[in-house]
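Reviewing the structure listed below.
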Amino acid sequence: MSRSATATIHLDALRANLARIRGLAGNAKVMAVVKADAYGHGLERCARAFADADAFGVASIADGLRLRAAGHGQRIVVLSGPDAASDLAEMRRLNLEAVIHHDSQLAMLEADRGSPPLRVWLKLDTGMHRLGFAAERAGELHARLASMPSVDPDIVLMTHFASSDEFDNDFTARQTQRFLDATRGLPGERSLSNSAAVLGWPQALGDWVRVGGLLYGLSVAQDKTGADSGFAAAMTLSTRLVAIHRIARGERIGYGSTYECEEDMPIGVAAIGYGDRYPRSAPSGTPVRVGVAQAAIVGRVSMDLLTLDLRMAPNARVGDTVTLWGPLLPVETIARHAGTISYELTCGVTRRVLFAEDGR
Ligand SMILES: *Cc1c(COP(=O)(O)O)cnc(C)c1O
């Protein structure tokens, strides 16, 4: 038996989402962030759909190599920069740009004699305290980098927001101010905003926005879907119904017998589970669609299968399509039930799931 779990990627949605970002971003250029295999949607197919992005953002040199191999000529930024001196030659060979965020990387660049000069993005920490130099060092670092023969003096200044998805939390405004203060008078373009900031903090657009989630129609804002902001879901995760049983009142379903039937009821079995990375943490009551009808998970999600309450889907038949998330069932809703965010769900879809494309 072949497995039916399928992730269908909607190419038109990807393109429409990029166009919508451009509309919101005004004159800012758009870096399409395609790390984690394009948030689980597939790097090459998404890069094709984002072919007119101004740049791509990746997490690794290997992803930069994949983009160059696919023929993309635009700027590609490695968001965590080089880890080792040998990375510098590889980045030059592939014409990749490096985010520089730590003194260890400065030392690498200082010792480097390679050419042509590497393009760098200087990352300043304005309060998130993950990657970046203390913002107060901007002037000193900029001067040092600009004087290195191994570095292109046209340096982009960047920072990253910790809470831009909280539209009533002024921490983003404080990070923006800290960035402006620290970089005042320095030459070069500025880049601050991720997806949520493009929606909620238009004063921080700068010269480059770095957008991931919204390109895939995904939102991380509390109780908001990408669709609420006019973005289209780019992935449908579906499978088939492989069994239907009538189970008597009082009987229990699945591992651990966590769900008790409150009446005689139809129970469906769908061919998807945590082995495909449908979240095991999704509890009884998490919504699912069977054909066009509503259904809900009952009992524990197992590795290859999950069980469904089919009382709202009386016409369901074995072989029917079961949709786990997609345009009509936001992945954000599933994430809320499962106690995570939409990004984690799409990134997680495992490679045993069949990937298909819808659109051209
Ligand atoms: C992942 C990432 C982004 C994109 O974030 P989204 O919330 O997906 O838009 C932007 N900038 C950096 C540095 C990132 O690592």
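The values are calculated or read from the model by the stated rules, or taken from the named source; none is laboratory data. As the structure is a computational prediction, the values presented were derived from the model and not from experiment. Positions of Cβ are generated from backbone atoms using ideal geometry, with glycine treated the same way; all protein chains shown enter the neighbour counts. Note: accessible area is taken over every heavy atom of the protein model, side chains too, but ligands, DNA and RNA are not part of it. Shrake-Rupley method; radii C 1.70, N 1.55, O 1.52, S 1.80 Å.
The rows are residues; the columns are (1) more than 10 Å from the ligand (Cβ to nearest atom); (2) part of a loop (DSSP other than H, G, I, E, B).
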site	(1), (2)
GLY206	yes, yes
ARG210	no, no
LEU215	no, no
VAL220	no, yes
ALA232	yes, yes
ALA243	yes, no
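Scanning the range 206-247 for residues that are open to solvent by 30 Å² or more (accessible area, probe 1.4 Å) and of a type outside the set (S, T, N, Q) yields a total of 16. If only residues of the range 248-270 that are touching an Asp or Glu at 6+ places or on another chain (Cβ under 7 Å) and assigned to a loop (DSSP other than H, G, I, E, B) are counted, the one that is surrounded by the most Cβ atoms within 10 Å (Cβ to Cβ) is CYS261. Scanning the range 1-23 for residues that are open to solvent by 10 Å² or more (accessible area, probe 1.4 Å) and not in a helix (DSSP H, G or I) gives MET1, SER2, ARG3, SER4, THR6, THR8, HIS10.
For the range 276-298, the criterion of being free of Cβ contacts under 8 Å to residues at least 40 places away in the same chain and buried (at least 23 other Cβ atoms within 10 Å of the Cβ) is met by at least one residue. If the condition is being under 18 Å from ASP207 (Cα atoms) and among the charged types (D, E, K, R), then the range 73-124 contributes ARG75, GLU97, ARG119, LYS123. Looking at GLU90, is it of a type in the set (D, E, K, R) and within 19 Å of VAL156 (Cα to Cα)? Criteria not met by GLU90. Scanning the range 27-77 for residues that are of a type outside the set (Gly, Ala, Ser) and in contact with a Cys (Cβ under 8 Å, 6 or more places away or on another chain) turns up VAL34, ASP37, TYR39.
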